[in-house]
Each structure stands twice: as C-alpha cells, then as structure tokens.
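Okay, so here's the structure we're looking at.
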Amino acid sequence: MNQAALEVTDVAKSYGSLAVLTSVSLEVAVGETVGIVGPNGAGKTTLLDLLSGTSWCDQGSIRLNGQDVTRLPPPLRARRGLGRTFQVPRPLGDLTVFENALVGATRAAGLRGRAAYAAAYQGLDQAGMASQANAKAGSLRLLDRKRLELARALAMRPQVLLLDEIAGGLSDPETEVLIEAIRAVNAGGTTIVWVEHVIRVLTAIATRLVCLADGRVLADGPPAEVLASVEVRAAFLGGGVL
C-alpha cells in the first residue's frame, strides 16, 4: 500500500455495556477512496465519530498523515487536514450559501482573511454550488443542502474527507450529480472514506470496501470481492442477494 493518509489501530468503543466497535483496524492510502458498508448497528457512523473526534475511542489509536490525533478535538483534526460531512445537513438557514462555507473555512479550519474567502469559494465550486453563493441556505432543496454540506467540508481544505451517508434521500439523477462532484474531489488528490447504505453509489467510485458487522471488520478488499462474500451477504440479508 502507498503512504497511509489514515491509520486506525485496534480501536474500540462502548456505550455503557454496549460494545459498538471492537478491535477495529484499517489503513487508508493517500488518494484512495474507501467505502464503509454494513448492516444497521454495525458501528459505521461511530467509526466516523472516532475518526473526526466528535467521540473518543476507549482503546486504540488513530493517525492522520502519520500524526497521532487520537485525543485531539475536531477543530485540531480539521487543521491537520481532516474534513467531515454529516448524515443530516443542518445549514445555517439565515446565512447565505457562501457564508455557510466560510464558517467551515474559519471556525473549523482556522483560516482567515483572503485564504478563508478563497477556500470557501473553492469548496462551493468543487461541490457545484458557486452559482448559488448568494442564496439563503434555508431555501435550498435537499440535493443542494447535501452539496452545501460537502462544500462546507471542502472549505476546510481537507486531505482526508469523511462522508456520512451523503447520498441518503436523493433520487437517482440527484445521486449522479453528487457522485460526479465527489469523483472530481478524489481525482484532485483528496483521500475519501465514505459510509453509505446505497451500495451502488459506493461502487461507482470506491476502489475498496470495508464491511463492518457487530462492531468488527468482517471483510476488506475490492468491491466485487467483498460484495460476493458469503459472510457479507449473510450479515446484510441472511445470505440473500445484495
């Protein structure tokens, strides 16, 4: 594998007596696009929470571009090159689209002045939202709220981008718009780790899938190989067709 952008070693997380993740380890190379799949309750979003710092692991370590970030809060991880989107976009409705992206550049990434403005505009452009920069965020339809969520994360100028079910709730044509934007971001060199229930969306971009089940890594490899696995099929649908 090429140089690692993200290294997760023996990570575990419990909430009370409920073990959500148990001894999870994975490595993501610079420029790679990795899809995280698994049944409901597998620990996918919890893994993103640990990677982004919104929750801390009970054991194990997380390294970002070779630096240990296990105990760093989200803003410091962002300033070391980590960006994240959330399942449900919650834009600041009274602000414009550009101002929302600017919040990502300043509050999360710590950019100031012209650098912040340039990063905010670039994020909007990459997400296909530059033409709506002056629109009120509260007036956006779902696809554009999703694209604004992506733009806000891109305004942090991330080297590693975490996507949490960003395609959820979109129609097929809307999903294609989002896929093209994310494909272009990855082509520009950004490493992507993407949790998604819509498997066909992941296989359109991801070169590798990691399947979580019962808080553990069940399979890790090329998409066709992982999806053909008997164990993966059983985890999703009791052995049925994915």
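The values are calculated or read from the model by the stated rules, or taken from the named source; none is laboratory data. Everything quoted here is computed from the prediction, not taken from an experiment. Don't worry about glycine lacking a Cβ; one is built from the backbone with ideal geometry, like all the others, and counts go over all protein chains shown. Heads up: the accessible areas ignore ligands, DNA and RNA and are worked out on the full protein's heavy atoms, side chains in. Shrake-Rupley method; radii C 1.70, N 1.55, O 1.52, S 1.80 Å.
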- Hey, any idea what the orientation-averaged projected area of the convex hull of segment 1-41's Cα atoms comes to, in nm²? 3.6
- Message: Step by step: find N for segment 12-83, compute 2.2 N^0.38 Å, then divide the Cα radius of gyration by it. What's the final number?
- Response: 1.11
- Shape descriptors of segment 100-179 over alpha-carbon atoms, Rg and Dmax in angstrom, are 12.3, 39
- In this structure, the FRET efficiency calculated for Trp56 and Thr207 from their beta-carbon separation, with R0 = 30 Å, to the nearest 0.05, is 0.50
- Leaving out ligands, DNA and RNA but keeping every protein chain, what accessible area does Arg112 have, in Å² rounded to the nearest 10, with a 1.4 Å probe? 150
- With R₀ set to 30 angstrom, the calculated FRET efficiency between the beta-carbons of Ile199 and Ala115, to the nearest 0.05, is 0.20
- Listed residues Phe98, Val69, Gln126: farthest to the positive end of the dipole of the chain (Cβ charges): Phe98
- Rg (Å, one decimal) plus Dmax (Å, integer) for the alpha carbons of segment 71-209? 13.9, 40
- Task: For segment 72-122, just run the numbers: alpha carbon Rg, then divide by 2.2 N^0.38 Å, N being how many residues it has.
- Result: 1.14
- Mind jotting down the distance between the C-alpha centroids of segment 165-204 and segment 3-54, whole Å? 19
- Query: Based on the mean of other beta carbon atoms within 10 Å per residue, what is the order of 66-76, 89-99, most packed first?
  - Reply: 89-99, 66-76
- Take the solvent-accessible surface of the protein heavy atoms, probe 1.4 Å, and return the percent of it on segment 102-184 that carbon and sulfur atoms account for. 49
- Item | Over segment 105-146: Rg over Rh, Cα atoms, Kirkwood Rh | 1.01
- Task: May I ask you to give the solvent-accessible area per residue for segment 1-80, in square angstrom, as obtained with a 1.4 angstrom probe?
- Result: 43
- Message: If I take R0 = 25 Å and measure r between the Cβ atoms of Asp94 and Asp125 in this structure, what FRET efficiency does the formula 1/(1 + (r/R0)^6) give, to the nearest 0.05?
- Response: 0.60
- Have a look at segment 133-182 and give its Rg and Dmax from the Cα atoms, expressed in angstrom. 11.2, 30
- For Glu176 the rounded accessible area (nearest 10 Å², probe 1.4 Å, non-protein molecules ignored) is 90
- Query: Which value, in debye to the nearest 20, describes the size of the charge dipole of segment 94-156 about its Cα centre when Lys and Arg Cβ atoms bear +1, Asp and Glu Cβ atoms bear -1, and nothing else is charged?
  - Reply: 80
- Message: For segment 140-242, I need the span (max minus min coordinate) of the C-alpha atoms along each principal axis, in Å, sorted largest to smallest.
- Response: 40, 28, 22
- Query: Of all DSSP beta bridges located in the chain, what percent are antiparallel, nearest 5?
  - Reply: 55
- Measure nothing but the geometry: give the 0 to 90° angle between the long axis through the Cα atoms of 142-154 and the longest principal axis through the Cα atoms of the chain, rounded to 10°. 90
- Can you check how the C-alpha radius of gyration of the chain compares to 2.2 N^0.38 Å, as a plain ratio? 0.98
- Query: Cα to Cα, under 18 Å, and not fewer than 8 places away if on the same chain: which lysines meet these conditions relative to Lys146?
  - Reply: Lys136
- Task: Let me know the charge dipole size of the chain about its Cα centre in debye, to the nearest 20, where only the beta-carbon of Lys, Arg (+1) and Asp, Glu (-1) is charged.
- Result: 800
